[in-house]
Amino acid sequence: MISKILIFPFVLLVRFYQAAISPFTPAACRFEPTCSSYMIEALQKHGLLRGGFLGIKRILSCHPWGRSGYDPVPDKKCKDKH
């Protein structure tokens, strides 16, 4: 519950970007899902710190000399309880 409250403003910020800024810029994302969708999914799946790190890492790798293609958000690693 607290994690959802913490990530909410960041998800809202990305949604604002998707609705108000992205439509007026050329489509340039080299990945599927797009970097903004990746950021939202990473935040929801991994929380603020790990998800934010993954999202920023993805955005920084989205440049003409970087890789491209399908790059989903990694699943959470489960800790073995033995």
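The values are calculated or read from the model by the stated rules, or taken from the named source; none is laboratory data. All values reported here derive from a predicted model rather than from experimental measurement. Note that we place each Cβ from the backbone using ideal geometry, even for glycine, and neighbour counts take in every protein chain shown. Calculation scope for accessible area: heavy atoms of the full protein, side chains included, ligands and nucleic acids excluded. Shrake-Rupley method; radii C 1.70, N 1.55, O 1.52, S 1.80 Å.
Just a few scattered comments:
- Computed from Cα atoms, the angle from the helix 2-16 axis to the main principal axis of the chain rounds to 10 degrees.
- Spacing of the modelled spin labels on ALA27 and LYS57, each 7 Å from Cα toward Cβ, amounts to 2.7 nm.
- The number of Lys pairs in the chain with C-alpha atoms less than 20 Å apart, excluding pairs fewer than 8 positions apart on the same chain, is 9.
- For the chain, calculated [θ]222 nm from helices alone, where every DSSP H run of n ≥ 4 adds -39500 (n - 2.57): -15500 deg cm²/dmol
- Residues LYS4, LYS45, LYS77, ordered by accessible area of protein heavy atoms at a 1.4 angstrom probe radius and largest first, appear as LYS77, LYS4, LYS45.
- For the stretch 6-70, the relative contact order works out to 35 percent when only alpha carbon pairs closer than 8 Å and six or more residues apart are counted.
- Apportionment of accessible area to carbon and sulfur, the chain, percent (1.4 Å): 66 percent
- Size descriptors for the chain: radius of gyration and Dmax over Cα atoms are 13.9, 52 Å.
- The residues of the chain have, on average, 79 Å² of accessible surface per residue, using a 1.4 Å probe with all protein chains present.
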